[in-house]
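What follows is a set of notes on a single structure, which appears directly below.
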């Protein structure tokens, strides 16, 4: 539990990033999740991603809902403000936080119960509103804290630990995000750090609503035979469309690849997404193509992972609202409170 | 035959119309014309939850003495809706007047013999002047406006001037309107006998403005420094958000870049609205939502989070008739209890109780200072009557020297200087802790906000003593609120009395008139107008100083009385319920009648509940 204090010391050989921070500077409290939980791997990937993009740890706000996944923001980025909100409502709270200060990065962490059941509405509307955020769902298809009920992302026909067969169709959050207008959609697996870390880095640097569906097996309640969210099942059915590297401020190295194998997608902030194709002809900037591909491969029983879609020209909610560059929470009184001459004019118009 | 009522600048006119018929504009002109003649007016729109075809009324209290609440009764009924003919007719005072469209002959049995009937063949006049159905529909209203003006003595030039102003942006419409006005005016001059109700130019309006409370509250939010508004449309609060939007467009853009110094989101529902407000408040922006009772029901969980995690937020609750969908276009004060104790667990929330548009503006701005100062949810409790009806009020005023109070915020400098930051630590003994905003400092002052129990340093804890310590601190904070919320206002009777009356909100204008009437009858009663919850000590002092205190409010269950009993340990027998909750604003006649009855009866027997 949280009374266990992590020691501060670290190995002197631990590497530093451009800002002089070590990986340890991006860690949080000791996790209270079950040993082997996929969620802890995702926390580690978030730590690694923030370290690699040279983020000042306090310049990010981490928000979550309720559930196992939503507890994790306490386990990474201890120097950041965090907000464990109410069940299924993280997206609205994150939206408000983002409106108040557009200069910070916003990381939303949620689970499949939090986002696909109670919070499906808020998930949908935050995405279609184009809130500038990285929204990660740690997806295990099951309610862990309440001991093993199906969640809304559980596949139809999959079996619970108690042997019950799910009769309701599963919600594919990545496909849904794509349909809702997310300008960055990825899917990955908690057990594939090499794929996950660059996706998180790219999502954090993306301007607009970035969504990553991360399959994250529940070691306690959904890792058995008959489950389609178990480590074995996901490994066997994982079909990556591409491999991603995020290049920040330096020229990408292409020498080791044949021409045509790489796609480069420059982002708003100057970084470049370098994608090594795995699936031939998969173009992650083609919205309709991505939608079709996801449907086809899902019908074939595959779990498609990788950077599924990105719109490098995306705009966010602040663009749509035309808000000032300075954060709204930093505007001085004189820019907020009109003079009394304005009031005199208003009074005159009401006679 | 009853003698016809004779009155100058003191009578009630009620228009009975069909909604969607364009009558609102003509009725509005009628009121504005009277105001321009220097005579005070209280006007109330009574409308259905419907776009077109159902009955709607507009009740106008003309009072040279300046009484702006509902008086009760109707002296002149303008009956333009056949659907409601019978009840409209029944509402006219004995000796009153009926104005109607006499195009179709009606049997004598459809009238009353104790009133004066004034018929104008409106449809006939209109149809012979205009061929197009669209013109006929709208201009018929202007024809009756012309006829009424001639009948009661509204100066034609005043109405003409108003028509010019009204259609300033669409000047092509002016000639037709002037012509219709003339048709009605001339008909009345040539065919009608004068009636006993007369308007006379006066000088009793002065600098006053005519505005609704939602507009005032929206403007208050601009002056209060609100930068984030998230809302979901619901009657009767919608126009509050719209007013904020309009005033922000005019007052809150960077003059150089044109960029907005505010962000407004029409959310997908009330839950998302309050979620956005919570996130913005957590991150240091002044944020609000506006809603009505059903919205407050939906927001319960977040309201509890705001209370327990101590996040500044403001809700404008424009109350309407409940429960459930209730009477969505009628007024009530029936959310008091559900707002005061909103959400599960032990919670209490600060309520501001404006009496009309002036305080909607004032409290609308103050709410944001209080939210930041107390780091909690602040409710501003309007209702449909003050929110959606234009009231004649003193002009808005703002003290230019006033600064926004951002409350206790710990800065990077304070952290650098070695301040011991505990997010929920009571440093000053007032129950209010310091907060840091996200990204304050690279290595100090971060914390994890949650709705679960924690210690003063925001560390998760389920220990009983730690939990109680925090809950007691929240009570201390609520106690601090008592001294900084708007104080109640007492009005003493001319002579010493053992009777008191407590009231709040939109009851005010009717209460003003009722108290005046009581005094005229020689009945002495002290009055206390509440302006906020938690109640200051003087509220209970007032109750203690009187043998019997009437609590006048507009709901069935005497919610304010229950709150007084619960919070002050008051003996219920000393608080007499006076309740109006039929959806129409309370009237002066009802209040003075009930108070007089209660005061006369208490000498011999206990007063029961007086319920209308």
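Distance between the pseudo-spin-label points of residue A:335 and residue B:128 (7 Å out from Cα toward the beta carbon): 6.6 nm.
Working from label points 7 Å from Cα in the Cα-to-Cβ sense, the residue A:235 to residue B:90 distance is 8.2 nm.
Could you list the residues of segment B:1-25 with an amide nitrogen less than 17 Å from a label point located 7 Å from the Cα of residue B:50 in the Cα-to-C-beta direction? The answer is B:15-24, whose backbone nitrogens lie closer than 17 Å to the label point. Between the Cα long axis of helix B:133-152 and the first principal axis of chain B there is an angle of about 80°, rounded to the nearest 10. Sorting the segments A:233-239, B:167-173 by their mean number of nearby beta carbons within 10 angstrom, highest to lowest, gives A:233-239, B:167-173. Relative contact order for segment A:23-322: 17 percent, from Cα pairs under 8 Å spaced at least 6 residues apart, divided by residue count.
Take the Cβ-Cβ distance between residue B:104 and residue B:556 as r, set R0 to 35 Å, and report the resulting FRET efficiency rounded to the nearest 0.05. Don't skip to the end; give the middle numbers.
Numbers: r = 42 Å, r/R0 = 1.19.
Efficiency, from the Cβ-Cβ distance: 0.25.
Within 10 Å, count the other beta carbons around each residue, average over each peptide in A:297-307, A:135-145, and list them highest first.
The packing order, highest mean first, is A:135-145, A:297-307.
Relative to the dominant Cα principal axis of chain B, helix B:174-191 is inclined by about 50°. Counting Cα-Cα pairs of the protein assembly as shown in 20 Å increments starting at 0 gives whole-percent bin shares of 13, 37, 30, 17, 3, 0. Taking the centroid of alpha carbons for each part, segment B:265-290 and segment B:52-119 are 45 Å apart. Inter-part distance, segment A:93-150 to segment B:445-476, computed on C-alpha centroids, equals 25 Å. Working from label points 7 Å from Cα in the Cα-to-Cβ sense, the residue B:428 to residue B:136 distance is 7.0 nm.
Nearest 0.05, what FRET efficiency do residue A:14 and residue A:298 give at R0 = 35 Å with Cβ-Cβ as r? Mind dumping the intermediate values first?
Values: r = 41 Å, r/R0 = 1.18.
It comes to 0.25.
Counting only other chain Cβ atoms within 10 Å of each residue's Cβ, the peptide B:393-400 averages 4.
In chain B, the longest principal axis of the Cα atoms and the axis of helix B:300-309 are about 40 degrees apart. Calculation over all alpha carbon pairs of segment B:1-116 in 10 angstrom steps from 0 returns a P(r) of 14, 43, 34, 9, 0 percent. Peptide A:98-107 is shielded by partner chain Cβ atoms: per residue, an average of 5 of them sit within 10 Å of its Cβ.
In peptide B:212-219, what is the residue-averaged number of other protein chain Cβ atoms found within 10 Å of each Cβ?
1
Can you list the equivalent-ellipsoid semi-axes of segment A:23-322, largest first and in whole Å, using the square root of 5 times each Cα gyration tensor eigenvalue?
27, 23, 18
Readers should treat all values here as calculations from the given coordinates under stated rules, not as data from a laboratory. Note that this is a predicted model, so its numbers are computed, not measured. Reconstructed Cβ throughout: ideal geometry from the backbone, glycine too, with neighbour counts over all protein chains shown.
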